[in-house]
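Comments concern the structure below.
Read the figures in this text as sums done on the coordinates, not as results from a lab. Worth saying up front: this structure is predicted, and the values here are computed from it rather than measured. Here the Cβ positions follow ideal geometry from the backbone for every residue, glycine too, while neighbour counts run over all protein chains shown.
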Amino acid sequence: METATKTVTKKLYEGMFLVDSVLATADWDGVLATIRTILERAGAEISSLKKWDERKLAYDIRRKSRGTYILSCFKAQGQKLTEIERDVRLSEKIMRVLILSAENIPPAALEKETPAMKVEREGLKAPEESAAVEARAEEKPQETHSSEGEKMPKSTGE
């Protein structure tokens with residue numbers, strides 16, 4: 001009696017994991033290990049796992065206002081995606097996940113430089129941090145001193 005062997009094909013997926021920025025900074029290896037464990041438990045073959053960027057969230061999630069996005073490319077069976085999403089919901093380290101099919105994305109696009117990689121390469125502050133510093137500088141009026149020694153706001157020429 002022959003048993004029918006089912007060939008299960010794994011498709012390429014792109015997963016974006018959102019974690020608390022404070023946790024990511026304090027325990028980066030632990031966060032990556034959690035994501036790897038969740039993916040490997042579902043039988044996924046991880047091809048890349050890298051920091052995408054740290055951003056201010058549009059709204060608080062679990063009372064957190066900032067988050068770090070981690071981009072992952074992996075091959076998995078389609079029916080295993082629900083297991084991955086369930087494990088993420090049960091995880092205390094991962095706030096959200098979005099998994100998309102990457103079958104039609106060219107390999108070069110998957111290896112594209114992330115915003116975090118660009119910041120590291122250029123040795124610059126994150127764009128949000130630079131913009132915040134500039135905004136604070138614009139908000140703070142410069143002061144001048146009068147002849148009596150009183151502080152007065154600097155005239156803007158209006």
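Tabulated data for the structure shown
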quantity: Contour minus Cα-Cα distance for THR25 and LEU98 (0.36 nm per residue); calculated: 24.1 nm
quantity: Among the listed pairs LYS75/LYS112; LYS10/LYS112; LYS56/LYS80, those beyond 26 Å (Cα-Cα); calculated: LYS56/LYS80
quantity: Nitroxide proxy distance, nm - points 7 Å out along Cα→Cβ at MET16 and GLU83; calculated: 2.6 nm
quantity: Cα coordinate range in the stretch 11-139, projected on the principal axes (Å, largest first); calculated: 53, 34, 24
